[in-house]
Structure formats: structure tokens, C-alpha cells
Amino acid sequence: MLIKKATDIPSSEITSESLYRNRREFIKAASATLGAAAIGSILPAEVAAAASKYDTTEPKTPLANVTSYNNYYEFGTDKGDPVINAAGFKLRPWRITVSGMVKKPATYAIDDLLKGITMEDRIYRMRCVERWSMVIPWHGFPLATLINKLEPLPSAKFIKFQTVLDQDQMPEQRRPILHWPYTEGLRMDEAMNELTFMATGVYGKEGPPQNGAPIRLVTPWKYGFKGVKAIQKIEFTDKMPVSAWMEAAPNEYGFYATVNPNVDHPRWSQAMETRLTGGIFDQIRPIKTQMFNGYTQYVEKMYSTLDLRRNF
Ligand SMILES: Nc1nc2c(c(=O)[nH]1)N[C@H]1C(S)=C(S)[C@@H](COP(=O)(O)O)O[C@H]1N2
Ligand SMILES: [Mo]
């Protein structure tokens, strides 16, 4: 069997990552010699603006790991499948259909829909329900920016997302592994939360397909399965959407899916996680999982009246 390794990542992507790292090294070196106060005045605006207030300062998972260890069942159920099977996935032309309780329902070409939206980078912790986690620099924009453009009606209480249905490009959609298309949803306040992000890429640029390009959801205080990839449909609704995983195993996967070390998955504990840093000791040094994946200050108000044990 063919296993794709870091050496198969196009050199353009490696360049992008080393530039990114060098920029950080440069900031560190400059801080050491000049003191933090001087930094703002000597760095170009682009570099100074690189850190968002939401960024974690933990070491980032290297690009090679971010792009070769994935969950994306349309391209295979092994973590190493998507990097191989999604390699030729076409990112353009790409249309997104917006429907339901919204003032501007239509089918949009993605570049028209995103016109005028400023791209930014955010380094978020990501935690999969299977207990692996990564620190990923996402490239994209806050979902709230797009929602405000589309103008949902007050009757809209939830937003529903669906991955493209394309059996030719996504071979596993021919098999009933999940109920296709992959579906996810958020309550409107969750969708408007300042952390909620639409990623178009990683490490400062668009793509690659295995991480959900051309556009995927990122909700860092929830388990990874909420982060629906290759979104083709967005619907505003007053009914709680039934996600693909809720439909497949309702006792194991709920609508909220908030990262919670105190509520176990029925078949395993969620108290610890394995952070993939690209190091050889990753697998043998589990770390403690934090409530809401460490994002409590941004999200706890949304759940103050909700029993998260029942609403898992
Ligand atoms: N369409 C689609 N989206 C998906 C999945 C999938 O199988 N299909 N897997 C989910 C799961 S379980 C996780 S953990 C994340 C993984 O994202 P990553 O591969 O970019 O780390 O994608 C989520 N989005
Ligand atoms: Mo996951």
C-alpha cells in the first residue's frame, strides 16, 4: 500500500510552512534583542497583525501532519486515505446554495459569495472525539461575517451545512458508511460566536482538499466532527438539524458535541487527549483535555441553562 509522507507534500506548501515558522522565529529573535515594546514599531504591518487574540501559543502541529492525518469519510475511513484520495478534488468552480429563512437565498459562485470578506489566520486547538488533537493555523474568516451578509430572518434558530454530493469525486459516497451528504448544524448563537470560523485553508493559504477546502466549518470548542468539510449547502431553519453522526449513532453523537472531559463517549473516556505535534513521543504522552477545549471564556454563556450531560 502507498503511504504518503511529508516528502510527497508539494514544495509550495513546505515553503509556506517554513516561511510561517521563520516569521515567528524572527518575532521571537527581535523580541529578545529589542524587548517586546519595540516590536510593533519595527515590524511590517502584515507581520505585526499575524497573531489574533484567539490564537493559542502552544506549538503548532506541522503542516505535514495536519495534511496527512485526517478524518474525511467520503475519501476513506483511514486517517491516511484523504491525503491520497482527495488529491485531485476540484476546488473550482464551486457553488454554494443558500436557502431557508434568509433574505438572500440563492446559488452563489463561491468567489462571489466571499467577495469583500477579509481573510485572516487563527491558530486553534482542534480535538477529535477519537482523542487526537492538533494545533492548526486556519486560514479563513468568521462565519458571522457571512451570516450578516446573507441576512437570516428572525425566525431562523439554526443553521444547517451539507457537504457536496459527488460520487464521481468522492468514491466512498457510493457506500452507506454514513447517510450522505455529510450534514452538520449549529444553533444561531453558536454560529454567530466570535470563535466560529469558516476555513478555506491552512498555514496561510487556500487548501488542501483533505482539510475541507474550498470551505469548511471550524468550531474549536466542539469535537472535530462538527467541522463539516467541502460545504455546498447552507440552510437557515427553525428546526434543529440532524447531523450525519446523530443519525448514524444517536446514543454516541449529539447535536452540541462540546468538548467535555467530564462526559464520556459511551465506549471510551474523553478525559485525556493525544496532541499530535509531529514528535516521536506524541502517542505515549496523553494530556488532560480541557472543558470546552480551553475556550470556556468565549462560549460558556451560551450553555448556562443547558445540561451538557444530557445535551452531549
Ligand atoms: N464532509 C466531512 N466532513 C468532516 C468529516 C467527514 O468525514 N466528512 N470528518 C469530521 C471529523 S470526525 C473530524 S475530526 C474533522 C477532521 O478535520 P481535519 O482532517 O482537517 O483535521 O473533520 C470533520 N469533517
Ligand atoms: Mo473526529
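The values are calculated or read from the model by the stated rules, or taken from the named source; none is laboratory data. Fair warning: this is a prediction, and the values are worked out from it, not measured in the lab. Backbone-built Cβ (ideal geometry, glycine too); neighbour counts: all protein chains shown.
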Failed item, numbered, when A156 is tested on (1) part of a helix (DSSP H, G or I); (2) surrounded by fewer than 21 Cβ atoms within 10 Å (Cβ to Cβ):
(1)
For the range 52-108, which residues satisfy the criterion of being among the β-branched types (V, I, T), within 27 Å of T237 (Cα to Cα) and touching a Leu at 6+ places or on another chain (Cβ under 9 Å)?
I96, V98, V102
Considering only residues that are outside any loop (DSSP other than H, G, I, E, B) and near ligand 2 (Cβ under 8 Å from one of its atoms), look in the range 218-232 and name the one that is surrounded by the most Cβ atoms within 10 Å (Cβ to Cβ).
G224
Residue pairs meeting the criteria (Cβ under 6 Å; at least 6 apart or on separate chains; first over 26 Å from V98 (Cβ atoms), in the range 109-133; second away from ligand 2 (no atom under 15 Å from the Cβ) and in a loop (DSSP other than H, G, I, E, B)):
I123/D55; I123/T56; R125/T56
Please go through (1) away from ligand 2 (no atom under 16 Å from the Cβ); (2) in a helix (DSSP H, G or I); (3) touching a residue at least 24 places away in the same chain (Cβ under 8 Å) for Q162 and return the number of the only condition it doesn't satisfy.
(2)
Subset of the range 188-217 [part of a loop (DSSP other than H, G, I, E, B), among the small types (G, A, S) and over 18 Å from K60 (Cα atoms)]
G212, A213
Residue list for the range 202-217, filter: more than 16 Å from ligand 2 (Cβ to nearest atom) and either over 11 Å from the mean Cα position of the chain (by Cα) or among the small types (G, A, S) (or both):
Y203, G204, K205, E206, G207, P208, P209, A213, P214
Selection status of W180, aromatic (F, W, Y), in contact with a helix residue (DSSP H, G or I) (Cβ under 6 Å, 6 or more places away or on another chain) and away from ligand 2 (no atom under 16 Å from the Cβ)
yes
Mind telling me which of the residues V242, V263 ends up being in a loop (DSSP other than H, G, I, E, B) and touching a strand residue (DSSP E or B) at 6+ places or on another chain (Cβ under 9 Å)?
V242
The lone condition G116 fails out of (1) out of contact with any strand residue (DSSP E or B) (no Cβ under 8 Å at 6 or more places or on another chain); (2) within 16 Å of ligand 2 (Cβ to nearest atom) is (2)
Considering only the range 167-178, I want to know if a residue exists there that is assigned by TED's automatic domain parsing to the domain that holds K60 and assigned to a strand (DSSP E or B).
no
Meets criteria (out of contact with any Gly (no Cβ under 8 Å at 6 or more places or on another chain), more than 14 Å from ligand 2 (Cβ to nearest atom) and either among the hydrophobic types (A, V, I, L, M, F, W, C) or part of a strand (DSSP E or B) (or both)) for G185:
yes
For the range 222-230, indicate whether the set of residues that are modelled with pLDDT of 95 or more, touching an Asp or Glu at 6+ places or on another chain (Cβ under 7 Å) and assigned by TED's automatic domain parsing to the domain that holds L146 is non-empty.
yes
Tell me yes or no: at least one residue of the range 189-201 is in the same structural domain as L114 (by TED's automatic domain parsing), away from ligand 2 (no atom under 16 Å from the Cβ) and under 19 Å from F75 (Cα atoms).
yes
V102 vs. criteria in contact with a Phe, Trp or Tyr (Cβ under 8 Å, 6 or more places away or on another chain), surrounded by 12 or more Cβ atoms within 10 Å (Cβ to Cβ) and at pLDDT 95 or above:
yes
